[in-house]
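Undergrad: Encoded as structure tokens, here's the structure I'll be asking about.
The values are calculated or read from the model by the stated rules, or taken from the named source; none is laboratory data. In this text the structure is predicted, and so the values were computed from the model without any measurement. Every residue, glycine as well, gets a Cβ built from its backbone with ideal geometry; the counts of neighbours run over all protein chains shown.
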């Protein structure tokens, strides 16, 4: 009879050991997957922030070109610069980090507005230069957006 009781203990001990091994395996799997998951989440946050900044700059350039195109030729450049800077201010994109550069060529009736962001840094601080720092497609430190509109009051 003792062998039957000890046999039951052995089965219970085996099950407990198996559960501990499974918990250990889950911990190892978690430790392997966690860094990849964190990098993925940080990448999504950084890309979202970059998209927000780029979209805000694009809208600021369009707003500046719209305001400048409705003004007389003499004041269009100054009004466009003011409108672009006012649009960027609530997003925290203020000079000297950003430059609103309206340009009105003398022989043209088209107002060109460029918004430049110098020294863009992502939120996480993680460097995404996977293919080297010489790759022009991954150089996101300087962003430039341009908008053009014809003057309504030349």
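Undergrad: Within segment 40-53, take every residue that is under 8 Å from the mean Cα position of the chain (by Cα) and in contact (Cβ under 8 Å) with a residue 24 or more places away in the chain and give me the one that is nearest to residue 102 (Cα to Cα).
TA: The qualifying residue nearest to residue 102 (Cα to Cα) is 53.
Undergrad: Within segment 110-126, track down each residue that is in contact with a strand residue (DSSP E or B) (Cβ under 8 Å, 6 or more places away or on another chain) and either in contact (Cβ under 8 Å) with a residue 24 or more places away in the chain or surrounded by 14 or more Cβ atoms within 10 Å (Cβ to Cβ) (or both).
TA: 110, 111, 112, 113, 114, 115, 116, 117, 118, 120
Undergrad: If you scan segment 80-113, which residues turn out to be under 20 Å from the mean Cα position of the chain (by Cα) and not in a loop (DSSP other than H, G, I, E, B)?
TA: 87, 88, 89, 90, 91, 98, 99
Undergrad: Only one of these is on the phi < 0 side of the Ramachandran plot, surrounded by 11 or more Cβ atoms within 10 Å (Cβ to Cβ) and modelled with pLDDT under 90: 107, 93, 70. Name it.
TA: Working: 107 fails: surrounded by 11 or more Cβ atoms within 10 Å (Cβ to Cβ); 70 fails: modelled with pLDDT under 90.
Among 107, 93, 70, only 93 is on the phi < 0 side of the Ramachandran plot, surrounded by 11 or more Cβ atoms within 10 Å (Cβ to Cβ) and modelled with pLDDT under 90.
Undergrad: Shifting gears a bit: Which of (1) under 17 Å from residue 145 (Cβ atoms); (2) touching a helix residue (DSSP H, G or I) at 6+ places or on another chain (Cβ under 6 Å) does residue 49 not meet, given it meets every other one?
TA: It fails just one condition, (2).
Undergrad: Name the one entry in 61, 25 that is buried (at least 16 other Cβ atoms within 10 Å of the Cβ), assigned to a helix (DSSP H, G or I) and at negative phi.
TA: Numbers: 25 fails: buried (at least 16 other Cβ atoms within 10 Å of the Cβ).
The unique qualifying residue is 61.
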